[in-house]
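Student: There's a structure below that I have some questions on.
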């Protein structure tokens, strides 16, 4: 498929997991990709895209800071001259008892997962209006139902979902579509590295676990790319669950 020929896409959180798979898939479908992440391994993703015949530039960026969040947009406009797709995938995750969540943990998670999405989107909107482009944000099933021990994460992803719906309403008549995915039960390095408190009640996870099995990040990337594609031209302000079905 070549759904993104002559299009330019920015993907944050592109060094691993869902962001990486999204960047690879967009490039494989013809997009020129700005791949951004705080990790130095972001260079490897751009190199992988180029070795497969695609076009990509890498940028090491911390989206929790305004300059870092705006940097990928500036690079896309300076290097490619336009912006058609923004995929806000960068995220961090931590678990703790809510009464023991530190100020630092709260600020870090909200900063990356919510404030970073705002900073990047705000900078991108004028170019996306010009291109009649699309935004796809990574929310989470934690925005839709209670995920114990993840107050900061759930709050950040709930904010992303509310922001998605607000932007979709505000910019629909200016030609910009804004949607979100809500992953759940996805095997990623972020999820694999999660440390839970020692005394958690694992039965509380039963209702938010997938009904079949955990899947890989490529399943979410496929949903993101679909929502950004022309086939989704009449989908706006929606959240697409990619969770294998859950009881919650």
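Student: Could you say whether any residue in the stretch 196-219 is touching a helix residue (DSSP H, G or I) at 6+ places or on another chain (Cβ under 7 Å) and either at pLDDT 85 or above or in a loop (DSSP other than H, G, I, E, B) (or both)?
Tutor: So far as the stretch 196-219 goes, yes, one or more of its residues are touching a helix residue (DSSP H, G or I) at 6+ places or on another chain (Cβ under 7 Å) and either at pLDDT 85 or above or in a loop (DSSP other than H, G, I, E, B) (or both).
Student: Oh, and also: Kindly indicate whether residue 129 is under 21 Å from residue 192 (Cβ atoms) and in a helix (DSSP H, G or I).
Tutor: No; evaluated as a whole, the condition is false for this residue.
Student: Sort through 13, 68, 53, 19 and tell me the only one that's touching a strand residue (DSSP E or B) at 6+ places or on another chain (Cβ under 9 Å), more than 21 Å from residue 127 (Cα to Cα) and modelled with pLDDT of 95 or more.
Tutor: Step by step, each of 13, 68, 53, 19 is checked, and only 19 is touching a strand residue (DSSP E or B) at 6+ places or on another chain (Cβ under 9 Å), more than 21 Å from residue 127 (Cα to Cα) and modelled with pLDDT of 95 or more.
Student: Can you name every residue in the stretch 16-59 that is free of Cβ contacts under 8 Å to residues at least 40 places away in the same chain, surrounded by fewer than 24 Cβ atoms within 10 Å (Cβ to Cβ) and not in a helix (DSSP H, G or I)?
Tutor: Passing the criteria: 30, 39, 40, 41, 52, 53, 54, 55, 57, 59.
Student: I need the full set of residues from the stretch 1-10 which are in a loop (DSSP other than H, G, I, E, B) and either crowded, with 18+ Cβ neighbours inside 10 Å or touching a strand residue (DSSP E or B) at 6+ places or on another chain (Cβ under 8 Å) (or both), in order please.
Tutor: Result: 4, 7.
Student: I need the full set of residues from the stretch 158-188 which are surrounded by 15 or more Cβ atoms within 10 Å (Cβ to Cβ), assigned to a loop (DSSP other than H, G, I, E, B) and at pLDDT 95 or above, in order please.
Tutor: Selection gives 176 alone.
Residue-by-condition table, conditions (1) closer than 19 Å to residue 22 by Cα; (2) in contact (Cβ under 8 Å) with a residue 24 or more places away in the chain:
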site: 107; (1), (2): no, no
site: 111; (1), (2): no, yes
site: 114; (1), (2): no, yes
site: 124; (1), (2): yes, yes
site: 145; (1), (2): no, yes
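Student: Answer yes or no as to whether residue 247 is within 23 Å of residue 25 (Cβ to Cβ), touching a residue at least 40 places away in the same chain (Cβ under 8 Å) and outside any strand (DSSP E or B).
Tutor: no
Student: Which of (1) part of a loop (DSSP other than H, G, I, E, B); (2) under 20 Å from the mean Cα position of the chain (by Cα) does residue 191 not meet, given it meets every other one?
Tutor: (1)
The values are calculated or read from the model by the stated rules, or taken from the named source; none is laboratory data. What you are looking at is a predicted structure, and each value in this text was computed from that prediction instead of being measured. Backbone-built Cβ (ideal geometry, glycine too); neighbour counts: all protein chains shown.
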